[in-house]
Amino acid sequence: METNQARDRRETRPVRITPNFLRHPEGSALIEVGDTKVICTASVEERVKDWMRGKGRGWVTAEYAMLPRANATRGLREGQFGRWPSSRSQEIQRLVGRCLRAAIWPARLGERSITIDCDVIQADGGTRTASVTGGFVALALALDKLRRAGQVKPHPLKSMLAAVSVGIVAGEIAVDLDYAMDSRADVDLNVAGDGRGRLVEVQATAEGATFEPAQLAEMVALGARAIDALVAIQRAALEGAGVDLDGLIG
């Protein structure tokens, strides 16, 4: 695998998506972005929360966790010893859920819920954006099964969906930051989009320095270009798994 020094900072790390990585979930995928690895699963429940009952609409939500040895040192397992999901995990799972809901037609799902679980098994930066990208693949796999079984209406998805990180490191704009780059970044940005130039979410934060509006525009543009490449990888993985994307997206 190429090193971060060797790659063009305006290109993503090598990305690999393995669909149907697990047997039991309705949809699952392993996404590898450089040395970051996330298992994403989609679980379907034939019910919705009380406040949604009787509306004929479905719901997509997400949960995120980092396994104890995903990093260089072991962290506590979330949920053990009274340790509930950290504020960071809650922030990330809300991001993933928001992004995925932007890609669905809720009225075409029927009254059912789909939970996307994103479990980081190895972290080297970009875990939240990898969770969005891999989570979409798991969601599409689950919806394809439901569509084939006649349980959801045709075209339950509005569009493809992927996400990538962008930042300013040592004065230079870089795409898809690994941990070494992210830890030194002066500006950190996460962008999600549909591969058609349309944005779903943009989060930009000055970590150690301010930035110009022109730099923000350049970062978003580079992120959108990277999303186009990620969507192509998603399409290849889904079509290779036998998914009829024309029947899903519309």
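The values are calculated or read from the model by the stated rules, or taken from the named source; none is laboratory data. Remember, it's a predicted structure, so these values are computed and weren't measured experimentally. Positions of Cβ are backbone-derived with ideal geometry, glycine not excepted, and every protein chain shown enters the neighbour counts. These accessible areas exclude ligands, DNA and RNA; they are computed on the full protein's heavy atoms, side chains included. Shrake-Rupley method; radii C 1.70, N 1.55, O 1.52, S 1.80 Å.
Of note:
- Residue within segment 143-151 that is touching an Asp or Glu at 6+ places or on another chain (Cβ under 6 Å), over 16 Å from residue 99 (Cα atoms) and open to solvent by 10 Å² or more (accessible area, probe 1.4 Å) present: yes
- Scanning segment 84-99 for residues that are of a type in the set (Ser, Thr, Tyr) and exposed (fewer than 13 other Cβ atoms within 10 Å of the Cβ) returns a single hit, 87.
- Test: residue in segment 217-229 that is crowded, with 18+ Cβ neighbours inside 10 Å and farther than 30 Å from residue 108 by Cβ: yes
- Just one of the listed residues (174, 185, 103, 162) is without any contact (Cβ under 8 Å) to a residue 24 or more places away in the chain and buried (at least 21 other Cβ atoms within 10 Å of the Cβ), namely 185.
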